[in-house]
Amino acid sequence: ASPRSFTFTPSTTRKEFRMIPHAPWFTESRFGMFVHWGLYALPARHEWVMNRERISAPEYEKYFEYFDPDLYDPREWARAAKGAGMKYVVLTTKHHEGFCLWDSALTDYKSTKTPCGQDLVAAYVEALREEGLKVGFYHSLIDWHHPDFTIDGFHPERDNPEAQRLNEGRDMARYREYLHGQVRELLTNYGTIDYLFFDFSYADGSENHKGIWGAKGREAWGSEELLAMVRELQPGIAVNDRLDIPGDFATPEQYQPSGPMVVDGVEVPWEACQTLNGSWGYDRDNLDYKSVDLLVRMLVDGVAKGGNLLLNVGPTGRGNFDPRAVESLRGIGDWMKLHSRSIYGAGEAPWTPPADARYTRRGDRLYLHLFAWPFEYVHLPELAGKVEYAQLLNDASEVAVLELTGNRQAVTTAQGAQPEGTLTLKLPVQRP
Ligand code: FHN
């Protein structure tokens, strides 16, 4: 069956994608952990706090003086990710604030110069490898601390009446050299890196970026040259699509696409990134955590449409995960212990599922994820052949397959039963 088409949102303007022949682990994994960590964990309000509260770089540097994450133990992070069923982790090496979590030779605005005194990236990479997880870096193209990063529509100084004068001395070519130099450090000094999430280009001409501020896109970042260097340094790496040039996978954010992502007729790998509570960075007073049930449904929904889920945690200024995040991860891990066979290596099925349900398919197994158990039969799709056997995935208990008139099939359980989890249907192999 041809993949159902998907209309990209306006901000997803990348027209060409490389598939990932060199990184099959990516779609096999289906589930990863995003980690947003930096000085913004100290104000503990949002990772965009510099922008939202117009905090200038000199004012914001006070957090640099107090950054001392004494409870930082990336082995704990790795174990929490593994326990949740995640197969890769992606850490912000530098977010828009410009603070670097590794011992960069190109700046003193880095973790090794704070009371922390540690190359946080080095310890992170080692811990992931110890736990057998794939190593991912996030790297911000935007840098609100760097003296050459020109003040634009998102910059904390954008309302400064002196902004235009301040911009006169700024040179994006010098910033570009810094950006490329730091990416080279990250992809040279820490062994094999499996995944890279650049963030983000905004040359989409939207209102935020017109006028004197200009917009930053592929020219500002030197995207083609940067990506060529990345592939030269790490040939097997999976790179996202936010350099405004072809990447290996698409990155919808905080929403679930309506179906498989198709670009110019080609179905592309994609990964939705989501937060636990609407904030990427640690947000102390934000108690609006998504339920585990909703998080599981987002994971299932994504896989059912051929996508991955990158679920975010924002560590505190002490370097650990807050209890609410730990509880969310544990809840997902409990579900994954019984149901990961319907997630890892699975993808979309070419049939339309019943209402309030999703199909994920892996080989000759069709997994029917019931978000609400219907009060009557669950009608099965018209398959190329008969469903041979059905069972509940969580406890392998058999489920009766009913032969209905007109060559149709349905499954049901004892009337009124509300079983947990996912139904596994063993299918004939051929695809219609
Ligand atoms: O501005 C960032 C934001 O802080 C966060 O890092 C997300 C994660 O995908 N990316 C940008 C917003 O799209």
Response to the item:
For segment 132-153 the number of residues that are open to solvent by less than 10 Å² (accessible area, probe 1.4 Å) and either closer than 14 Å to L186 by Cβ or modelled with pLDDT of 95 or more (or both) is 11
Worksheet item: Among the listed residues E219, E271, E232, E224, which satisfies the condition of being outside any loop (DSSP other than H, G, I, E, B), surrounded by fewer than 17 Cβ atoms within 10 Å (Cβ to Cβ) and either within 16 Å of the ligand (Cβ to nearest atom) or modelled with pLDDT of 95 or more (or both)?
Response: E232
Discussion item. Checking the structure you have, find out if any residue of segment 123-131 is farther than 17 Å from Y282 by Cβ, assigned to a loop (DSSP other than H, G, I, E, B) and either within 16 Å of the ligand (Cβ to nearest atom) or open to solvent by 30 Å² or more (accessible area, probe 1.4 Å) (or both).
Written reply: yes
Item to complete: Count, please, the residues in segment 95-112 that happen to be outside any strand (DSSP E or B), open to solvent by less than 40 Å² (accessible area, probe 1.4 Å) and either within 16 Å of the ligand (Cβ to nearest atom) or not polar (S, T, N, Q) (or both).
Response: 8
Worksheet item: Looking at segment 74-92, which of the residues that are outside any helix (DSSP H, G or I) and touching a helix residue (DSSP H, G or I) at 6+ places or on another chain (Cβ under 6 Å) is farthest from K337 (Cα to Cα)?
Response: L91
Practice prompt. For segment 160-174, state whether one or more residues are closer than 21 Å to Y63 by Cβ, within 16 Å of the ligand (Cβ to nearest atom) and surrounded by fewer than 20 Cβ atoms within 10 Å (Cβ to Cβ).
Written response: no
Discussion item. Within segment 134-150, does at least one residue satisfy the condition of being within 16 Å of the ligand (Cβ to nearest atom), under 18 Å from E47 (Cα atoms), among the β-branched types (V, I, T) and part of a loop (DSSP other than H, G, I, E, B)?
Written reply: yes
Discussion item. Test of understanding: among L329, L368, L311, which residue is farther than 16 Å from F31 by Cα, open to solvent by less than 30 Å² (accessible area, probe 1.4 Å) and either outside any loop (DSSP other than H, G, I, E, B) or modelled with pLDDT under 90 (or both)?
Written reply: L368
Practice prompt. Can you tell me which residue within segment 286-296, out of those that are touching a residue at least 24 places away in the same chain (Cβ under 8 Å) and over 24 Å from P24 (Cα atoms), is least open to solvent (accessible area, probe 1.4 Å)?
Written response: L295
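The values are calculated or read from the model by the stated rules, or taken from the named source; none is laboratory data. Only a predicted model underlies this, so the values are computations on that prediction, with no experimental measurement involved. In this analysis, Cβ positions are derived from the backbone assuming ideal geometry, glycine residues included, and neighbour counts consider all displayed protein chains. In case anyone asks, the SASA skips ligands and DNA or RNA and just uses the protein heavy atoms, side chains included. Shrake-Rupley method; radii C 1.70, N 1.55, O 1.52, S 1.80 Å.
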